[in-house]
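Visitor: Sharing a structure here in structure tokens format.
The values are calculated or read from the model by the stated rules, or taken from the named source; none is laboratory data. What you see is a predicted model, and the numbers here were worked out from it, not measured in a lab. All Cβ positions, glycine included, derive from the backbone under ideal geometry; neighbour counts span all protein chains shown.
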Amino acid sequence: MSARRAYLLLLLLSAYYFIHWAQEHLAGPEWVRFYAKDLLFIPTLMLAVQGAGMLGGKVFQSGFRQIMLATVYSILVFEVFLPVFSERYAGDWKDALAYATGALCMLSLQFAGSAARRNRRYQSDLNQSAKPLSDGLWQQ
């Protein structure tokens with residue numbers, strides 16, 4: 001896990017804790033108290049899994065399939081099954097929408113990062129292929 005992703009994970013966990021605190025103390029707008037944790041859940045989960053994999057010496061790259069599987073699993077568990085067995089949980093389509101929106105944010109971050117890596121690799125290849133000639137001209 002890169003330092004940038006580690007800082008992002010720390011930021012997400014801090015925001016998640018702050019929202020949890022606000023939810024417990026009934027502070028802040030209703031939509032933040034009820035849906036912001038769900039919005040942050042999938043990106044936090046995927047970055048935490050990547051970090052745990054790095055601790056174990058494995059490289060885990062979350063792609064479309066992994067993010068969608070985590071999203072569907074989270075919606076089924078937290079919005080379908082747990083409300084049946086516990087009064088503490090409430091199945092809400094807005095929560096499911098928040099999980100899906102968080103997954104879309106994670107996908108956009110993931111694919112924007114991979115596009116930037118491809119662009120840097122392409123620029124690096126271009127710079128290595130251009131060699132100066134003895135008279136100061138460039139050869140491709």
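Visitor: Look at residue 50 and say whether it is surrounded by 14 or more Cβ atoms within 10 Å (Cβ to Cβ) and touching a Lys or Arg at 6+ places or on another chain (Cβ under 8 Å).
Guide: Spelling it out, residue 50 is indeed surrounded by 14 or more Cβ atoms within 10 Å (Cβ to Cβ) and touching a Lys or Arg at 6+ places or on another chain (Cβ under 8 Å).
Visitor: Can you tell me how many residues within segment 95-110 are farther than 16 Å from residue 73 by Cα and not aliphatic (A, V, I, L, M)?
Guide: Within segment 95-110, residues that are farther than 16 Å from residue 73 by Cα and not aliphatic (A, V, I, L, M) number 3.
Visitor: What about residue 31, is it surrounded by fewer than 12 Cβ atoms within 10 Å (Cβ to Cβ), of a type in the set (Phe, Trp, Tyr) and at pLDDT 90 or above?
Guide: In short, no.
Visitor: I need a count of the residues in segment 55-76 that are in contact (Cβ under 8 Å) with a residue 40 or more places away in the chain and either touching a Lys or Arg at 6+ places or on another chain (Cβ under 9 Å) or loosely packed, with under 15 Cβ neighbours inside 10 Å (or both).
Guide: Residues meeting the conditions: 2.
So that you can scan it fast, the table gives a plain yes or no per residue for (1) at pLDDT 90 or above; (2) in a helix (DSSP H, G or I); (3) over 21 Å from residue 103 (Cβ atoms); (4) out of contact with any Phe, Trp or Tyr (no Cβ under 6 Å at 6 or more places or on another chain):
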residue: 20; (1), (2), (3), (4): no, yes, no, yes
residue: 35; (1), (2), (3), (4): no, yes, no, yes
residue: 45; (1), (2), (3), (4): yes, yes, no, yes
residue: 48; (1), (2), (3), (4): no, yes, no, yes
residue: 62; (1), (2), (3), (4): no, no, no, yes
residue: 69; (1), (2), (3), (4): yes, yes, no, yes
residue: 73; (1), (2), (3), (4): yes, yes, no, yes
residue: 84; (1), (2), (3), (4): yes, yes, yes, yes
